[in-house]
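Since the structure comes first, as structure tokens, the remarks are kept for the end.
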Amino acid sequence: MRGHYVHTASLRMDPNADPAAPGAAITLELCGSWEHDPPCPLAPHHTSPKKNGGAVDLRIVFAAEPARESEVRGRIEKALASGSLTGPDGVITRWSVLEAKAGVLTAAEREHAKRIAT
């Protein structure tokens with residue numbers, strides 16, 4: 001049975017940068033492609049970006065086998081540490097990680113994790 005988790009991150013990004021780009025980088029790292037049939041092969045996930053002054057805060061909700069939680073978190077950290085993503089339109093979005101760590105699921109996120117896990 002899959003566990004439900006959240007990973008949080010705070011990134012410094014240009015105010016005009018696409019706040020969804022780090023989530024796309026995470027999808028590439030976890031799934032190998034932006035486009036694939038559901039479910040995500042390693043860990044169904046959802047990234048919510050929120051602008052916070054000069055930063056963008058992310059909450060990455062995911063479902064994974066407990067034995068693979070550490071691997072998934074490591075891949076999320078790797079995607080964020082890359083610091084950039086070239087989108088399908090050729091536009092490069094850059095960021096720097098201010099903080100990234102395991103978080104605590106909210107009640108709404110727990111429900112979302114249950115939905116994406118099925």
- Query: If you keep only loop residues by DSSP, which chymotrypsin sites (Phe, Trp or Tyr not before Pro) in region 1-107 have at most 13 other Cβ atoms within 10 Å of their Cβ?
  - Reply: 34
- Describe numerically, in nm with one decimal, the distance between label points set 7 Å from Cα along Cα→Cβ at residue 36 and at residue 98. 3.1 nm
- At a probe radius of 1.4 Å, what is the per-residue accessible area of residue 106, in Å² to the nearest 10? 60 Å²
- Query: What accessible area, in Å² to the nearest ten, does a 1.4 Å probe give for residue 14?
  - Reply: 90 Å²
- Express in Å², to the nearest 10, the accessible area of residue 51 obtained by rolling a 1.4 Å probe over the protein heavy atoms while all chains stay in place. 120 Å²
- Message: Which order do you get for 26, 92 if you rank them by accessible area with a 1.4 Å probe, largest at the top?
- Response: 92, 26
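Where the accessible area of the chain is counted over protein heavy atoms with a 1.4 Å probe, how much of it, in %, is carbon and sulfur?
On the way: 3440 of 6540 Å².
Carbon with sulfur: 53 percent of the solvent-accessible area.
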- Message: Angle check, please: helix 21-31 long axis (alpha carbons) against the longest principal axis of the chain (alpha carbons), in degrees 0 to 90, nearest 10.
- Response: 40 degrees
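Accessible area per residue of the chain at 1.4 Å probe, in Å²? Intermediate values should be presented prior to the final figure.
Values: 6540 Å² over 118 residues.
Per-residue accessible area for the chain comes out at 55 Å².
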- Query: Helix 107-117 versus the longest principal axis of the chain: what is the Cα-based angle in degrees, 0 to 90, to the nearest 10?
  - Reply: 80 degrees
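The values are calculated or read from the model by the stated rules, or taken from the named source; none is laboratory data. All figures in this text were calculated on a predicted structure; none of them were measured in a lab. Because the Cβ atoms are built from the backbone with ideal geometry, glycine has one as well, and the counts that use them run over all protein chains shown. Quick note on the areas: whole protein, heavy atoms, side chains included, nothing else; ligands and nucleic acids left out. Shrake-Rupley method; radii C 1.70, N 1.55, O 1.52, S 1.80 Å.
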